[in-house]
Amino acid sequence: MIGEGSHFLIERFTNDHPAAPDGIAVIGTDGDSGFVQHYYDSRGVNRVYQMSLDDDVWRVWRLAPGFSQRYTGTVSDDGTRIAGAWEKSADGTTWELDFHLDYNKLA
């Protein structure tokens with residue numbers, strides 16, 4: 001339940017590529033276990049990811065039967081860029097590159 005004292009971040013994203021969806025993610029804390037991201041996109045996909053940020057490395061992941069995903073991005077020294085990539089796995093053990101994704105601070 002979101003109430004007084006709750007803290008969360010809303011990320012909205014759009015894509016110019018016709019195969020990539022637009023969407024929204026809500027990021028917050030998950031008790032003592034760290035951060036959690038609730039993801040929703042224009043295809044009707046919704047997923048829940050775990051997140052961590054340690055030593056300028058941002059990790060986002062979900063382990064799900066048949067389709068696991070993980071993102072690892074490194075924050076630049078000046079904090080204006082996160083450079084990383086998404087990987088996917090059908091069995092949760094063997095991983096392959098899905099796509100590169102970098103974030104740039106605009107303002």
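Per-residue Cβ neighbour counts within 10 Å put Glu96, Glu87 in the sequence Glu96, Glu87, beginning with the fewest.
Between Asp32 and Ala85, the distance separating the two model label sites (each 7 Å from Cα on the Cα→Cβ line) works out to 3.7 nm. Counted residue by residue at 0.36 nm each, then reduced by the alpha carbon distance between them, the extension gain from Leu9 to Asp98 reaches 29.5 nm.
Each peptide in 74-82, 35-43 receives the mean, over its residues, of other Cβ atoms within 10 Å, and ordering these scores from highest gives 35-43, 74-82. Springs between Cα atoms under 10 Å define the GNM used for the chain, and in it the highest mean-square fluctuation of Gly92, Gly28, Gly44 occurs at Gly44.
Here the gap between Phe67 and His17, fully extended at 0.36 nm per residue and compared with their Cα-Cα distance, gives a gain of 15.7 nm.
Computed over segment 10-107, the P(r) tail beyond 20 angstrom holds 42 percent of alpha carbon pairs.
Using Cα pairs under 8 angstrom and six or more residues apart, how large is the relative contact order of the chain, in percent? Here the relative contact order equals 13 percent.
Here, each number is a calculation from the coordinates, and none is a lab measurement. Note that the coordinates shown come from a computational prediction; the quantities given were computed from them, not determined experimentally. For neighbour counting, all protein chains shown are included, and Cβ atoms are generated from backbone atoms with ideal geometry for every residue, glycine included.
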